[in-house]
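Have a look at the structure below, then the notes.
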Amino acid sequence: MMCEDFDRPLTHVVGVPDDGGDTITCLNSNGFLIPNFPNTRGIQGIRSAKMRDDDIILCTYPKSGTHWVLEIIRELLAGEIIEDDVMMDKTFLELGPEERYADLQSPRILNSHLLMKHLPEDVINKNVKVISVLRNPKDVAVSFYNFAKKVPYLEFKGEWKNILRPFFEGKFMYGSWMDYISDWEEVKKTNPDLPVLTLFYEDLKQDQMLEMRRMCEFLGVERTDAFLSRIRDNTTLTAMGTLKSKGDVNRAVFRKGGVGDWKNWFTVAQNEWFDQLYQEKMADCHLQFKYTL
């Protein structure tokens, strides 16, 4: 067994079981789990990837509004409404290699679900602009479950009741939501010169105009309220789903996109279990999440 583990390649496919024995197919890349994306090379080489001074990197835990915010950023920077089927995979660092985005026109909008220790060293060295989007963990868990059930390459057939505990314990790809949030809070604390804009998914849902104004200021662009209103209309779930829902993966992305759907999934016992876990694991976290609007 030791020889087999020793000889195992740095990147290999694994099936990670939930509490009922059903597995999610993941890619173990240098000891870190990511989805088993078709044709991916894992996370090798990302640390040494070259960043430009004017790059923007969107950093999120999975199922936290990545596609939505990416589309908003694209239109804010372009100064025009974009109607195409481009998805986040075009500039998703985990899909590698670097050549996929090396020749893109500046400013490039890259994105990732990885921890800072996996991202290019240039993010810190060049003080690349980071936009961080956070979403309440209960809705994240529900969205993750539904996504895992629908995406063919994850090969998951399990039930909701069996996924919650291992999900929050970080058994599946990208590890624990709580570890991700804590890690980024530490990054901001220890790198005060790093330009980071922290957005909350729920705030965007509640007042997208206000949050887009904050994004404009951070990105250094001036846009009229009339144009921001057009972006808001073009980035609804319905509008984006119509343009971009091609293939099983894309259709799985645009499901509900709301706030508070967790109430339709969490049992009383599950909710009490999670609240206790959150108090234990996030006692030092100053962030306040909204679970309903």
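The values are calculated or read from the model by the stated rules, or taken from the named source; none is laboratory data. Fair warning: this is a prediction, and the values are worked out from it, not measured in the lab. As a convention, Cβ positions derive from the backbone with ideal geometry for all residues, glycine included, and neighbour counts pool all protein chains shown.
Odds and ends about this structure:
- Scanning the stretch 70-86 for residues that are buried (at least 20 other Cβ atoms within 10 Å of the Cβ) and touching an Asp or Glu at 6+ places or on another chain (Cβ under 9 Å) yields a single hit, I72.
- Residue that is farthest from V123 (Cα to Cα) [pool: residues in the stretch 189-217 that are in contact (Cβ under 8 Å) with a residue 12 or more places away in the chain and among the charged types (D, E, K, R)]: K205
- Some residue of the stretch 31-43 being modelled with pLDDT of 95 or more and of a type in the set (G, A, S): no
- Here is the figure for the stretch 108-159: residues that are closer than 24 Å to Q206 by Cα, touching a Cys at 6+ places or on another chain (Cβ under 9 Å) and among the hydrophobic types (A, V, I, L, M, F, W, C) total 3.
- Taking residues in the stretch 56-79 that are touching a residue at least 24 places away in the same chain (Cβ under 8 Å) and under 22 Å from L115 (Cβ atoms), and partners anywhere that are aromatic (F, W, Y) and in a loop (DSSP other than H, G, I, E, B), the pairs with Cβ atoms closer than 8 Å and at least 6 places apart or on different chains are Y61/Y174; P62/Y174; H67/F254.
- When residues of the stretch 193-242 are limited to those that are part of a helix (DSSP H, G or I), over 20 Å from the mean Cα position of the chain (by Cα) and small (G, A, S), the one surrounded by the fewest Cβ atoms within 10 Å (Cβ to Cβ): A226
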